[in-house]
Amino acid sequence: MAKTKSILAQLERLSVRSPFWALMAVAFLISFIGSIPIGALNLTTFQISIDMGPRPAMSFAFAAALAEGLLVYFMYRGFSAWKFKAHPPKWVYIGGLALLLGLSLYNVFKAWQGMEMPMEMDEMEAGGSTFLLGLVLSLSNPLQFPFWLAWNKGFEHLKWLDNKSAGPYALSISIGTILALALFVYFGQRFSVQDYNWARYIYWGLAAIYLILAILVALKVFAKKAK
């Protein structure tokens, strides 16, 4: 949050001729760069690319980006009417925690099983299931609520963001996210054609990262209860 305020302060000092295009560019960059550090969405994209191939992985990425863009749009348009808070409701944390724990256990199972068992799901079925997973996992990510609310308020303060630009703004965010996740689809394919003896180590690593993310979400849940 401190970094967000620092960046907004620097943007406020700039003399911008076209606030609309400045908003589109900055929103795209924030979304693209923000999707690169290790997190649930890019890890899952990477794993689906390894397990199922590029099309189901891109289906997941598209759904995650769509959900994020819609969430940002409705957070902005409905902020005053629906009284959005900087922290998501408790069920969002619990849903995200359950998904992360499930993904961690799935990777433990895959690590023990190895990659000898072929996927029985056809491409159409895989694409549909990963699309739904992308929607659910993106909407149950509790970290993006305070993150985008802070940016929304900041851009509104700069007089860059208003009701007319809210739609293109959300679209720029979705485009940035899907392009960043496409990189993880590509890297997943690069790993998938390597020696499968490394697969077990990849799955153990993914299981550990998902477990760490789940612990962080659980700490937030218990912190809220303590307050």
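The values are calculated or read from the model by the stated rules, or taken from the named source; none is laboratory data. What you see is a predicted model, and the numbers here were worked out from it, not measured in a lab. Using ideal geometry, Cβ is built from the backbone for each residue, glycine included, and neighbour counts are taken over all protein chains shown.
A few points about this structure:
- Residues of the stretch 184-202 that are modelled with pLDDT under 85 and of a type in the set (A, V, I, L, M): V193, A199, I202.
- Residue match in the stretch 131-147 (condition: of a type in the set (G, A, S), modelled with pLDDT under 85 and part of a loop (DSSP other than H, G, I, E, B)): yes
- Matching residues, the stretch 50-80, being free of Cβ contacts under 8 Å to residues at least 60 places away in the same chain and either buried (at least 22 other Cβ atoms within 10 Å of the Cβ) or within 18 Å of the chain's Cα centre (by Cα) (or both): F74
- Of all residue pairs spaced 6 or more apart or on separate chains, those with beta-carbon atoms under 6 Å, a first member in the stretch 155-170 that is at negative phi and at pLDDT 90 or above and a second member that is charged (D, E, K, R) and in a helix (DSSP H, G or I) are A166/R77.
- Scan of the stretch 28-82 for residues that are of a type in the set (A, V, I, L, M, F, W, C), touching a Ser or Thr at 6+ places or on another chain (Cβ under 8 Å) and part of a loop (DSSP other than H, G, I, E, B), ordered by number: M52
- The stretch 134-165, residues that are basic (K, R) and over 15 Å from G78 (Cβ atoms): K159, K164
- Only a single item in (1) at pLDDT 85 or above; (2) under 23 Å from L216 (Cα atoms); (3) surrounded by fewer than 16 Cβ atoms within 10 Å (Cβ to Cβ) is not met by L181, and it is number (3).
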